[in-house]
1. Where the eigenvalues come from the Cα gyration tensor of the range 87-132, what are the semi-axes √(5λ) of the equivalent ellipsoid, largest first, in whole Å?
2. Starting from the eigenvalues of the Cα gyration tensor, five times each then square-rooted, give me the equivalent ellipsoid semi-axes of the range 100-168, largest first, whole Å.
3. For the peptides 146-153, 89-96, what is the packing order when you average, over each peptide's residues, the other Cβ atoms within 10 Å and list the highest mean first?
4. Of all DSSP beta bridges in the chain, what percent run antiparallel (nearest 5)?
5. Taking Cα atoms of the range 40-92, Rg/Rh with Kirkwood Rh, to two decimals?
6. Would you mind counting up the charge near THR98? Only other residues with Cβ under 12 Å from its Cβ, with Lys and Arg at +1 and Asp and Glu at -1.
7. Given [x] 14.6, 43; [y] 21.1, 79; [z] 20.5, 68 as candidate values of Rg and Dmax of the Cα atoms in Å, which corresponds to the one derived from the coordinates?
8. Looking at the range 22-112, which trypsin sites (Lys or Arg not before Pro) are in a loop (DSSP not H, G, I, E or B) and have at most 10 other Cβ atoms within 10 Å?
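The values are calculated or read from the model by the stated rules, or taken from the named source; none is laboratory data. The structure displayed is predicted, hence computed values, not measured ones. Here Cβ is always computed from backbone atoms with ideal geometry, including for glycine, and neighbour counts include all displayed protein chains. Heavy atoms of the whole protein, side chains included, go into the accessibility calculation; ligands, DNA and RNA do not. Shrake-Rupley method; radii C 1.70, N 1.55, O 1.52, S 1.80 Å.
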Amino acid sequence: MNPPEAGIRLRPAAAGDAEFLVAMLVEAFNWDAPRFSREEILATPHFAHYVTGWPRAGDFGVVAEDPSGTPVGAVWARTFPADDPGYGHVDPQVPELTAAVLPGHRGRGVGGALLDAVVEMAARSGVDRLSLSVEDGNHAAALYASRGFVTVGREGDADTMVLRLGVR
């Protein structure tokens, strides 16, 4: 595990982070190239449900800030009902992660630190599994695999991955 870049501070995501999580959702959907605008994401219920009403009961997450206190990345978890699943949905009881780091901070350990922190947060709250979806070509897949996530399904050009907590 690589420590995050110097001066990065992690903190729990809070209600005041809702707009930043929207920005991170845009980054997550546009990880390889601009595909969707903020407006398109928020107007598409299947995209927007990752942030709508943040935080809902059971939501949790972590935000990374640079030395000036500016947020640079986040990983957050939310459960979805079977009739409104997320892309990495495996069960209504399994929180699905969304993760993004601003481009200038990628590849510097920020994503790994965020992921480790949210996994620890989940374990402390009694969560036994976490899931996520990662598209083909996304370099984050290697990070997820390095932390113990395994592919359990495939939808289109994306893998659904699950981490069983306590089995890392």
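1. Numbers: eigenvalues 102, 37, 6 Å².
Each semi-axis is √(5λ); the values are 23, 14, 6 Å.
2. 19, 18, 9
3. On the way: 146-153: 14.9, 89-96: 17.4.
Per-residue mean Cβ counts within 10 Å order the peptides as 89-96, 146-153.
4. Details: 28 of 29 bridges.
Just about 95 percent of them are antiparallel.
5. Numbers: Rg = 13.1 Å, Rh = 12.6 Å.
Rounded to two decimals, Rg/Rh equals 1.04.
6. Working: positive: ARG78; negative: GLU27, ASP59, GLU96.
Within the 12 Å Cβ shell, the charges total -2.
7. Computed from these coordinates, Rg and Dmax of the Cα atoms in Å corresponds to label [x].
8. For trypsin sites (Lys or Arg not before Pro) across the range 22-112 that sit outside H, G, I, E and B with at most 10 neighbouring Cβ atoms in 10 Å, the list reads ARG56.
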